[in-house]
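Q: Can you read through this structure? Questions will come right after.
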Amino acid sequence: MKLLKKIAEAVTDHTQALHPDDTLEAAGERMRSFKPEAWPVIEGEQVIGTLDVPDPDRKAARYGHDPKQAKVRDMMKLDVTYCYEDDDCDTALQLMQDLHLHSLPVMDRKIGLVCLLTQEQVTENLTPKPEV
């Protein structure tokens, strides 16, 4: 039996991040289609924030803002909780549980976004896998 331990071993798909100049309308549509709890915001190769508002376009409209004009940068949080791709899966899972997060951005050591990791992906890979 082999136990997958590193995040890089557990995740194969990469996420699409938001850009700070994306409209809240576009962000809302993407977030509804992928259903993340929070979505990383990148500029260049760096993660600069997160958008963790459900339906950001609808929330902006409720406050009288035009979601076709308002930008992600207007609503994103600047603090980002993340883990590294070479961290252990159990460390990432513990961080998500401690902070009540469903997902967590995974970064390389240059703080570039690798993927968005979910609790489900981690728990699937903490179960013993048959050796090949």
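What follows is calculated from the coordinates using simple rules that are stated; it is not laboratory data. Everything numeric here is computed off the predicted structure, so don't read it as measured data. Reconstructed Cβ throughout: ideal geometry from the backbone, glycine too, with neighbour counts over all protein chains shown.
Q: Cα to Cα, under 14 Å, and not fewer than 8 places away if on the same chain: which aspartates and glutamates meet these conditions relative to Lys68?
A: Asp21, Asp22, Glu25, Glu29, Asp55, Asp57
Q: Remind me, what semi-axes does the stretch 7-125 give for its equivalent ellipsoid, largest first in whole Å, using sqrt of 5 times each Cα gyration tensor eigenvalue?
A: 26, 14, 11
Q: Between Asp74 and His100, how many nm apart are label points set 7 Å from Cα along the C-beta direction?
A: In this crude spin-label approximation the distance works out to 2.8 nm.
Q: Starting from the Cα of Lys6, draw a straight line to each of the lysines and keep only those under 25 Å, dropping any in the same chain fewer than 8 residues away.
A: Lys35, Lys110, Lys129
Q: Oh, and also: Using the Karplus curve 6.51 cos²θ - 1.76 cosθ + 1.60 with θ = phi - 60°, work out ³J(HN,Hα) for each residue of the stretch 30-43 in order, rounded to whole Hz, and write x for Gly and Pro.
A: So the Karplus estimates, Gly and Pro as x, are 5, 5, 5, 6, 9, 6, x, 6, 8, 10, x, 10, 10, 10 Hz.
Q: Same structure, new question: At a Förster radius of 22 Å, what calculated FRET efficiency corresponds to the Cβ-Cβ distance of Arg109 and Arg58, to the nearest 0.05?
A: Efficiency computed from Cβ-Cβ geometry: 0.05.
Q: Given a Förster distance of 41 angstrom, what is the FRET efficiency for Asp86 paired with Asp21, based on the Cβ-Cβ distance and rounded to 0.05?
A: Step by step, r from the Cβ atoms, then E = 0.85.
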